[in-house]
Each structure stands twice: as C-alpha cells, then as structure tokens.
Amino acid sequence: MIILGIETSCDETAAAICKNGRILSSIVSSQSIHSQYGGVVPEIASREHERLLNLIVHNALNEAGTNLTDLNAISVTHGPGLAGTLLTGVTFAKGLALGLDIPLIPINHLEAHIYANFLADSSLKYPFVCLLVSGGHTQLWHVKKMNHYILLGETRDDAAGEAFDKGARIFGLGYPGGPAIEQAARGGNPCAYSFPRGLMNDDSLEFSFSGLKTSLLYFMDDYRESQTMKIQDVIASYQEAIVESLVEKMRRAIHITKTDTGVIAGGVAANERLRECLSESLPNIRILFPDLTYCTDNAAMVGYLGEQKINSGMVGTLEFDVKPNLSMS
Ligand code: KG4
Ligand code: ZN
C-alpha cells in the first residue's frame, strides 16, 4: 500500500510517502518566518501552509518516485493543533482524496508522535511506556496496543517544550527554544545552579514547569556575568532541571507499570541530554528514541500511522472536522 501523509498542525508544512511500513520520502518545510516574532503566529502559519502544501506534496511524490495515481490512501493530522493550520491540511487532503477517489484517514498528531518510534525500530512490542514531550504536551502514556492508551500523568501547567521556549526567550536565544538552549548549554556545568524541579516529592506522575520559569526570571534579574558566574552554566543548569523532572517521572512510570520498554516522542525527544540521562538512569530498560528528523513535526509519522490504522481495519472518511483540542483518551 502507498499512502501520502500530510501534517500542518503548527508551523511545519510536511508531506511523506509511506509504502508497506517504509518511508520512501519525507519533506518538512519549517516556517522560519516566526522566529522574528519569538513564537508561532497562527494567521501567518496558515497562509504559509496554503502557499506551500501543493509544492511539498509534489516534492514528496517525486522524491519517492511515485505519482498521484499510485496513491492507495491519504492520512492527515486533524488535531490537536492550531485550528487554522489544521484546516489548511485537512481541506487540501479532503479535496485530493475526493478527486482521486481514495480513502482518507484522520490522524491524531500525538498518537503519530508515539508511532514515530516504530520507524526507529520496527521490532518495538506492546506494551510500553511513552514519554510524550512536545511544544504543547507533556504526558506519560501506557501504550497497551493500538487504540488502548492509558494516561499515567501529564503537566499541570507548561509543557516541557514550552519551558525550553520560554527559557530561551528569557536568555535572549532564538525560537524554537529547545535546540537553542541545547546548543548554548554545551560545555556548561549542569550542576552549577539549582533550579526547582516541580512535583518531585510525592509519588506523582504529573509534571510542573511554571515554577521553574518564574525562578529563572528572578535569577536573571540578579545575574551579572562575572569570573565566577557563566551564562553557559546557567543555561545548562536550567536544561538539567527540565531533563531531571522528565527522567524521574519516566523512571516512576516504568516502575509502576512494570514495563521493560520506554519510548520518547515529540520535539523535546531530540534533546541529547535527555537521551543520555534516560539511558543512564534506566540501564536495564530498553529505551527507544525516534530518529532526530522524526522527533519534531513531520508527515512520515502521519503516513506510517495512517497505514497502520488501515491495516487494523479503519475505513476512510470525509466526515470529520479539525479538532484543535483532540486528546488520546
Ligand atoms: O513535537 P514538536 O515539533 O511540535 C509540537 O507538536 O509541539 O515540538 C516542538 C517543541 C518546541 O517546544 C521545541 O523547543 C522543542 O520541541 N524542541 C526541543 C529540541 N528540539 C525541539 N527541546 C529540547 N531540545 C531539543 N533539541
Ligand atoms: Zn508535534
């Protein structure tokens, strides 16, 4: 089966071709225009998708050596995300599916992030625990099998990606903040300063990052770079506080569920320090990370999950809407 995946939930315009579980092409256009505003401007993002989508889809088809008429199905993200940007992708996909008379599969963006791990290692077996860490979500899922997901815990305030993005803004680094913080922290001492780790003292599997951001704001009010204080150390320490919270909750989730496999999903999964600390803290657990290109938003995960849904009996439909607040439970 050859399936076209389309992703427009935020500021990445993406299309990919998946054939029998293998990705033949994956094109992602990240909208750099938002960096000048320090965050995604929804109206601009929608217009950029509208402008680029046709070209990106054709690039994906060309790179895969396929034509529109080779497609057996299309899958498209319909939530969660920005209403306007989702609408551009869903409207495009509906028109194309109708014109080609092939099934259209609506895809949950969060679920697609989780399934990106099957692209990293097709031998991944259920059940497993997934730490889902993106710009808008920080959640721990017990993934029992397809469509059977139990939410173990989530953030009470900011998402981990948001903590990176807001921290980067305070440090005067660019957007998106995660890669900028990761790069600026390289060589810094992660133990130089102690920033708060939220909700660590009970058995909770919930997260909290808003106190961390506030504490950084106060810290930077007093901060002056000197012989003894280096910004690189502050940034490394801030990153460490986020990473440590994530690793500790993942450790607890693995322990409580008695699972032997943990996977990471979403943009923050690209963070090297997080990967390193998870592997070190859980030496007897199989920990999987998607390839870097499949951590941040992409359509390969959407195409792959679309094919899995069809294989599990899901039928195509045009009767669905965008769902900006779509959840998995
Ligand atoms: O999954 P994603 O691409 O989009 C959403 O679905 O939200 O995640 C974007 C988030 C942003 O907050 C970005 O700062 C963060 O992922 N991110 C990272 C890294 N790369 C992207 N955070 C930490 N380290 C990274 N290397
Ligand atoms: Zn995402």
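Quick notes on this one:
- Test item: Cα-centred dipole of segment 6-83, Lys/Arg +1 and Asp/Glu -1 on Cβ, debye: 180
- Selection from Leu217, Leu282, Ile6 lying farthest towards where the dipole of the chain points positive, charges on Cβ: Leu282
- Segment 82-172: relative contact order in percent, alpha carbon pairs under 8 Å with at least 6 residues between: 16
- Using a Förster distance of 30 Å, the FRET efficiency for Lys145-Ile44 (Cβ separation, nearest 0.05): 0.15
- The calculated FRET efficiency for Asn54 paired with Arg22, based on their beta-carbon distance and R0 = 25 Å, is about 0.50.
- Subset of Lys19/Lys166; Lys125/Lys309; Lys19/Lys144; Lys144/Lys323; Lys249/Lys309; Lys125/Lys166 violating a 28 Å alpha-carbon distance limit: Lys19/Lys166; Lys249/Lys309; Lys125/Lys166
- For segment 1-66: relative contact order, % (alpha-carbon pairs under 8 angstrom, 6 or more apart): 34
- Think of each Lys and Arg Cβ as +1 and each Asp and Glu Cβ as -1; about the Cα centre, that makes the dipole of segment 238-314 roughly 320 debye.
- Rel. contact order, % - alpha carbon contacts under 8 angstrom, at least six apart, segment 262-329: 33
- Charging the Cβ of each Asp and Glu at -1 and of each Lys and Arg at +1, and nothing else, the dipole of the chain about its Cα centre rounds to 520 debye.
- Across segment 130-138, coupling constants 3J(HN,Hα) worked out from phi with the 6.51/-1.76/1.60 Karplus curve, θ = phi - 60°, read 10, 8, 9, 10, 10, x, x, 9, 9 Hz, and Gly and Pro carry x.
- Label-point separation, Arg156 to Asn201 (7 Å along Cα→Cβ), nm: 1.2
- Here each label is just a point 7 Å from Cα along the line to Cβ, and for Asn189 and Ser32 those points are 3.6 nm apart.
- Protection-proxy order for peptides 99-106, 294-301, 225-232, 3-10, each taking the mean of Cβ atoms within 10 Å per residue, highest first: 3-10, 294-301, 99-106, 225-232
- Scaled radius of gyration (Cα, divided by 2.2 N^0.38 Å) that segment 1-110 gives: 1.02
- Summarised as an ellipsoid, segment 110-260 has semi-axes of 31, 16, 13 Å, derived from the eigenvalues of the Cα gyration tensor scaled by 5 and square-rooted, with the largest first.
- Listed peptides 189-196, 140-147 appear in the order 140-147, 189-196 once ranked by packing, highest mean of other Cβ atoms within 10 Å at the front.
- Each of Ser25, Gln139, Val41 was placed along the dipole of segment 24-139 (beta-carbon charges, centred on the mean Cα), and the one lying farthest toward the positive end is Gln139.
- Summed over the residues of segment 1-41 and divided among them, the accessible surface reaches 36 Å² per residue at a probe radius of 1.4 Å.
- Hull-based mean projected area of the chain, where the convex hull spans the alpha carbons, in square nanometres: 16.4
- Structure-based [θ]222 nm, the chain - -39500 (n - 2.57) summed over DSSP H runs of at least 4, per residue, nearest 500: -13500 deg cm²/dmol
- Entry comment: accessible area of segment 69-225 is 42 Å² per residue, from protein heavy atoms only and a probe of 1.4 Å.
- Per-atom-type breakdown for the chain gives carbon and sulfur 50% of the accessible area (1.4 Å probe, protein chains only).
- Note on the chain: with a GNM built from Cα contacts shorter than 10 Å, the maximum mean-square fluctuation among His113, His255, His78 falls on His255.
The values are calculated or read from the model by the stated rules, or taken from the named source; none is laboratory data. A quick note: this is a predicted structure, and the numbers were derived from the prediction, not measured. Positions of Cβ are generated from backbone atoms using ideal geometry, with glycine treated the same way; all protein chains shown enter the neighbour counts. We work out accessible area using only protein heavy atoms, side chains counted, and drop any ligands, DNA or RNA first. Shrake-Rupley method; radii C 1.70, N 1.55, O 1.52, S 1.80 Å.
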